[in-house]
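Asks: One structure follows; several queries about it will come next.
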Amino acid sequence: MADNNHNSGAGTGTGTSVRERVIIEEPRQYKVIFHNDDFTTMEFVTEVLRRVFNKPADEAVVLMMKVHREGMAVVGVYSYDVAMTKAAAATSMARQEGFPLKITCEPA
């Protein structure tokens, strides 16, 4: 009687491999927005933009004036963690100086 052992292809080199396609999405970006108020000084806003958001002096002044004239301005677009960290650091600086500067983050 014949032996009916069936080899499933394991070890014979006839098996097929299946590749799964992994889709990696870029992390969602968030806008950090400064809002104008009647108490926070222009100098302080400029300083925060330079120290926390690493803006050059001329760009910090342009952004500060946009906040002042238009009521708000996007000061940067970052990943969620970076946006929240920068917003928290800037808010903390403002509170330490007694300013009510409002900073929000929203999806870009």
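Bear in mind that the values in this text are calculations on the coordinates, not laboratory data. Source: prediction; values computed, not measured. Here the Cβ is made from the backbone with ideal geometry for all residues, glycine too, and neighbour counts use every protein chain on show.
Asks: If one takes the longest principal axis of the Cα atoms in the chain, at what angle in degrees, from 0 to 90 and to the nearest 10, does the Cα axis of helix 57-70 lie?
Replies: 80 degrees
Asks: Now for a separate question. Students often check this: by mean Cβ neighbours within 10 Å, which of 66-73, 86-93 ranks highest, and how do the rest follow?
Replies: The peptides rank, most packed first, as 86-93, 66-73.
Asks: Percent relative contact order of region 29-107, based on C-alpha pairs within less than 8 angstrom and at least six residues apart?
Replies: Reported relative contact order: 52 percent.
Asks: Rounded to a whole number, what is D in µm²/s for region 29-107 from Stokes-Einstein with the Kirkwood radius over alpha-carbon pairs (10 °C, 1.306 mPa s)?
Replies: 131 µm²/s
Asks: Further question: Using a Gaussian network model of the chain whose springs link C-alpha atoms within less than 10 Å, name the residue from Val62, Val22, Val74 with the highest mean-square fluctuation.
Replies: Most flexible of the set in this elastic network: Val22.
Asks: Which angle from 0 to 90°, rounded to the nearest 10, does the C-alpha axis of helix 80-96 make with the longest principal axis of the chain?
Replies: Orientation of helix 80-96: about 20 degrees from the principal axis.
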